[in-house]
Amino acid sequence: MAYDYSDLIELTKRWAEQAVSAGWISPETAQTLCDFDDRTPEALFNHNGSRPLIVAFMGGTGVGKSSLLNRLAGKAIAKAGIERPTSREVTLFHHQDIAIQHLPEKLPIDKIRIAQHDDETKKNIVWIDMPDFDSTEQSNKVLVFEWLPHIDVLIYVVSPERYRDEKAWRLLMSEGNRHAWLFVLNQWDRGQQAQFEDFKQQLGKAGFVEPIIFKTVCGESSYPDEFTDLQATILSLSNKHVVAELEQRGIQVRKDELWGTLQNTLQKLGSPSAYKKAEELWASLWKSTSGHLHQGFVWPIQKLAAYYADHSADLVNNPANSSIPSGPSATALWDDWAQARFGDALDEFIVNVDALGLPVVPLKNQLVAVRNKAPKIVQTQSELHVRAALAYPGNALQRGFLKFIRVCEIILPLAAIAWVGDEILVGYYESNETHNHYLGVDFAIHSSLLILISWLIPWYILKKLKPSLEKSALRGLTKGLDKAIQMIDSEVLSIVENVTEQHNDQLKQVTQISDECSAGDGYKPEKTGSDNPLMRMLIN
Ligand SMILES: Nc1nc2c(ncn2[C@@H]2O[C@H](COP(=O)(O)OP(=O)(O)OP(=O)(O)O)[C@@H](O)[C@H]2O)c(=O)[nH]1
Ligand SMILES: [Mg+2]
């Protein structure tokens, strides 16, 4: 789908607004992009075919702009005088059948004065007298800048005293490419050839190889001048063909300017591959930071493990409580020191990403979440794993063996008791039949010892092999901490991935608009040589 210039402006604005609110571009860059407007000469009229050529007198105060328009009209339609500045409004002079449907918005109606004529030969021209743009009158400048985008041909008026005006020159340089230019050296009755030559040279520096300059006199005296040539030149330009060519060129110039600004914006957004490097940067940064964190945690982990071992019953039996009510808890593990180290790593990461020439505000904003979440991750993970470790201390083999010994602790003494009981019964009946001594003291001692030993050995083994709760807690805490550090790492990485995707998307959108600006055939100036006045009026 081919876009109009106004569509491109709209797309650019929409992109700039979301990009600035997400932090991809600075408010200044967004402003530059939003400053593009779709004001054109054709915007003053309804789109119903041909329109007149818009010609405006522009220049410093007192050079004679209003006097030139009055001379053209043959009557005093614009205020001209010695007061500086004289004109504080825009005067339009056009044929009575011409209707300007859309006057520039934002301007008070009393700032526009309209005079009409019925000369059919000049029907296709709208003449405009603008106020000055260099006096102290700020509202005059606003008026000029509001009208400038609607002008096809600017007649830049200077006087012999004021042709080197700095402000005017800057305006000429910045607006140069956007209009066709004619130059008038008015008050020529006071001028000298050297000034004319110098003015011409200055224009050459501004990009006009062969500028069209008219020397005019609008004073009382009937001094010979080139006013009629000026009129004739404008008249020769006021045809459909030239208007269409100027329109086409105007749009192309504006598109080129938008393209240039979008290219600058693309540069500020950084290269698409740069965020890939950010992932590598974080990986190496986190490697060293997690190493430091592990070192720093050695002692607090031991302290905490001892405390958990002491309060293991509380911890395992009260799953509703996230931590032991009093004393150190897992939150103590991720203390201010750890949070500061983590914060330092994130800050260093952001600085490094900035050094890659990438916008960092979106990354910074999204990292806030993980920055705040880190203590909670560590607390949850270490508690989860310490709980599991305390509920099932030791490893599986150890636990199996201990279960077996616990069974032995019951079975063996019972077996010994059963055997002794059996011996006693058998001995009792045998002693009755044989009238021998019933069992005896030795048997009593030995059997008691047997029962005792059969219970004592498993008891001793259980006591000796019972896994240390402290060690289990330590193992749980270490595992939990490892897991937490892994989780923090992947949280950061997923944010980086997310930001990378968003970055690519932003680049894609700007590239698309920029491509649209350079798409199409564009404007190709007609190669009709320097005898074509239009070619001499344009900066190429
Ligand atoms: N000597 C001489 N005086 C001129 C000429 N043209 C205009 N003037 C006088 O210069 C003064 C300023 O003329 P304006 O036409 O008001 O000048 P302007 O450029 O419209 O000035 P602003 O409205 O203030 O921007 C007036 O007093 C004119 O009479 C000229 O060719 N020669
Ligand atoms: Mg004036």
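The values are calculated or read from the model by the stated rules, or taken from the named source; none is laboratory data. Because the structure is a prediction, the values reported are computed rather than measured. Virtual Cβ from ideal backbone geometry, glycine too; neighbours counted across all protein chains shown.
Please specify each residue of the range 28-75 satisfying the condition of being touching a helix residue (DSSP H, G or I) at 6+ places or on another chain (Cβ under 8 Å) and small (Gly, Ala, Ser).
ALA30, ALA43, SER50, ALA56, GLY59, GLY60, listed by residue number.
Mind listing just one residue for me: the one in the range 120-130 that is in contact with a strand residue (DSSP E or B) (Cβ under 7 Å, 6 or more places away or on another chain) and not basic (Lys, Arg) and, of those, nearest to ligand 2 (Cβ to nearest atom)?
Top of the filtered list is ASP129.
Against the condition more than 30 Å from GLU516 (Cα to Cα), more than 16 Å from ligand 1 (Cβ to nearest atom) and among the charged types (D, E, K, R), how does GLU28 come out, does it pass? Please lay out each step first, then the result.
Details: more than 30 Å from GLU516 (Cα to Cα): no; more than 16 Å from ligand 1 (Cβ to nearest atom): yes; among the charged types (D, E, K, R): yes.
Judged against the criteria, GLU28 is not a match.
Out of curiosity, is GLN398 more than 30 Å from TRP24 (Cβ to Cβ), surrounded by 18 or more Cβ atoms within 10 Å (Cβ to Cβ), touching a residue at least 24 places away in the same chain (Cβ under 8 Å) and not hydrophobic (A, V, I, L, M, F, W, C)?
Numbers: more than 30 Å from TRP24 (Cβ to Cβ): yes; surrounded by 18 or more Cβ atoms within 10 Å (Cβ to Cβ): no; touching a residue at least 24 places away in the same chain (Cβ under 8 Å): yes; not hydrophobic (A, V, I, L, M, F, W, C): yes.
Against the criterion (more than 30 Å from TRP24 (Cβ to Cβ), surrounded by 18 or more Cβ atoms within 10 Å (Cβ to Cβ), touching a residue at least 24 places away in the same chain (Cβ under 8 Å) and not hydrophobic (A, V, I, L, M, F, W, C)), GLN398 does not qualify.
Evaluate the range 458-465: report whether one residue or more is part of a loop (DSSP other than H, G, I, E, B), more than 17 Å from PHE297 (Cα to Cα) and modelled with pLDDT under 90.
no
Any residue at all in the range 334-350 that's part of a loop (DSSP other than H, G, I, E, B) and at negative phi?
Going residue by residue through the range 334-350, those that are part of a loop (DSSP other than H, G, I, E, B) are 334-335.
With the extra rule that they be at negative phi, the set shrinks to 334-335.
For the range 334-350, residues part of a loop (DSSP other than H, G, I, E, B) and at negative phi: present.
Somewhere in the range 140-163, is a residue surrounded by fewer than 16 Cβ atoms within 10 Å (Cβ to Cβ), among the hydrophobic types (A, V, I, L, M, F, W, C), within 16 Å of ligand 1 (Cβ to nearest atom) and in a helix (DSSP H, G or I)?
Of the residues in the range 140-163, the ones surrounded by fewer than 16 Cβ atoms within 10 Å (Cβ to Cβ) are 142, 145, 161.
Then drop every residue that is not among the hydrophobic types (A, V, I, L, M, F, W, C), which leaves 142, 145.
Right, trim to within 16 Å of ligand 1 (Cβ to nearest atom) and you get 142, 145.
Still in the list and also in a helix (DSSP H, G or I): 142, 145.
For the range 140-163, residues surrounded by fewer than 16 Cβ atoms within 10 Å (Cβ to Cβ), among the hydrophobic types (A, V, I, L, M, F, W, C), within 16 Å of ligand 1 (Cβ to nearest atom) and in a helix (DSSP H, G or I): present.
Looking for whichever is more than 16 Å from ILE155 (Cβ to Cβ), part of a helix (DSSP H, G or I) and without any contact (Cβ under 8 Å) to a residue 24 or more places away in the chain here; the options are GLN252, GLN263, GLN248, GLN201. Which one fits?
Numbers: GLN252 fails: without any contact (Cβ under 8 Å) to a residue 24 or more places away in the chain; GLN263 fails: without any contact (Cβ under 8 Å) to a residue 24 or more places away in the chain; GLN248 fails: without any contact (Cβ under 8 Å) to a residue 24 or more places away in the chain.
Only one candidate qualifies: GLN201.
Could you count how many residues in the range 17-33 are closer than 17 Å to LEU358 by Cα and either in a loop (DSSP other than H, G, I, E, B) or in contact (Cβ under 8 Å) with a residue 12 or more places away in the chain (or both)?
Counting residues in the range 17-33 that are closer than 17 Å to LEU358 by Cα and either in a loop (DSSP other than H, G, I, E, B) or in contact (Cβ under 8 Å) with a residue 12 or more places away in the chain (or both) gives 8.
Please enumerate the residues belonging to the range 85-118 that are within 10 Å of ligand 2 (Cβ to nearest atom) and out of contact with any Lys or Arg (no Cβ under 9 Å at 6 or more places or on another chain).
If the condition is that a residue be within 10 Å of ligand 2 (Cβ to nearest atom) and out of contact with any Lys or Arg (no Cβ under 9 Å at 6 or more places or on another chain), then PRO85 is the only one that fits.
Every residue in the range 167-196 that is polar (S, T, N, Q) and buried (at least 16 other Cβ atoms within 10 Å of the Cβ), please. Steps first, please.
Restricting attention to the range 167-196, the residues satisfying the condition of being polar (S, T, N, Q) are 174, 177, 186-187, 192-193, 195.
ASN177, ASN186, GLN187, GLN195 - these are the residues of the range 167-196 that are polar (S, T, N, Q) and buried (at least 16 other Cβ atoms within 10 Å of the Cβ).
Do you know which of the residues in the range 383-411 that are charged (D, E, K, R) and over 60 Å from the mean Cα position of the chain (by Cα) is farthest from LYS466 (Cα to Cα)? Working first, answer last.
Here is the first cut: in the range 383-411, the residues charged (D, E, K, R) are 383, 387, 399, 403, 406, 409.
Applying the additional criterion that residues be over 60 Å from the mean Cα position of the chain (by Cα) yields 403, 406, 409.
Values: LYS403: 11, ARG406: 11, GLU409: 14 Å.
Out of the qualifying residues, it is GLU409.
Just to check your reading of the model, which residue among VAL368, VAL386, VAL426 is part of a helix (DSSP H, G or I) and surrounded by 12 or more Cβ atoms within 10 Å (Cβ to Cβ)? Break it down stepwise before answering.
Numbers: VAL368 fails: surrounded by 12 or more Cβ atoms within 10 Å (Cβ to Cβ); VAL426 fails: surrounded by 12 or more Cβ atoms within 10 Å (Cβ to Cβ).
That would be VAL386, the only listed residue that is part of a helix (DSSP H, G or I) and surrounded by 12 or more Cβ atoms within 10 Å (Cβ to Cβ).
When you scan the range 180-193, do you find a residue that is more than 22 Å from ASP134 (Cα to Cα) and not charged (D, E, K, R), even just one?
Filtering the range 180-193 down to residues more than 22 Å from ASP134 (Cα to Cα) leaves 189, 192-193.
Applying the additional criterion that residues be not charged (D, E, K, R) yields 192-193.
Taking every residue of the range 180-193 in turn, at least one turns out to be more than 22 Å from ASP134 (Cα to Cα) and not charged (D, E, K, R).
Hey, can you tell me all the residues within the range 492-511 that are under 30 Å from ILE301 (Cα atoms) and surrounded by 17 or more Cβ atoms within 10 Å (Cβ to Cβ)? Don't jump to the end; show me each part of the working.
Step one: list which residues in the range 492-511 are under 30 Å from ILE301 (Cα atoms), which gives 492-495.
Listed by number, the residues that qualify are VAL492, ILE495.
Out of the residues in the range 56-98 that are among the charged types (D, E, K, R) and surrounded by fewer than 23 Cβ atoms within 10 Å (Cβ to Cβ), which is nearest to VAL126 (Cα to Cα)? Don't jump to the end; show me each part of the working.
Looking only at the range 56-98, we keep the residues that are among the charged types (D, E, K, R), and these are 65, 71, 75, 79, 83-84, 88-89, 97.
Then drop every residue that is not surrounded by fewer than 23 Cβ atoms within 10 Å (Cβ to Cβ), which leaves 71, 75, 79, 83-84, 88-89, 97.
Numbers: ARG71: 15, LYS75: 16, LYS79: 18, GLU83: 26, ARG84: 26, ARG88: 19, GLU89: 16, ASP97: 11 Å.
For the range 56-98, the residue satisfying everything is ASP97.
How about the range 34-126: which strands (runs of 3 or more DSSP E) wholly inside it have at least 1 residues that are among the β-branched types (Val, Ile, Thr), without any contact (Cβ under 8 Å) to a residue 40 or more places away in the chain and within 12 Å of ligand 1 (Cβ to nearest atom)?
On the way: elements: 53-59, 90-95, 112-117.
Of the strands (runs of 3 or more DSSP E) lying wholly inside the range 34-126, those with at least 1 residues that are among the β-branched types (Val, Ile, Thr), without any contact (Cβ under 8 Å) to a residue 40 or more places away in the chain and within 12 Å of ligand 1 (Cβ to nearest atom) span 90-95.
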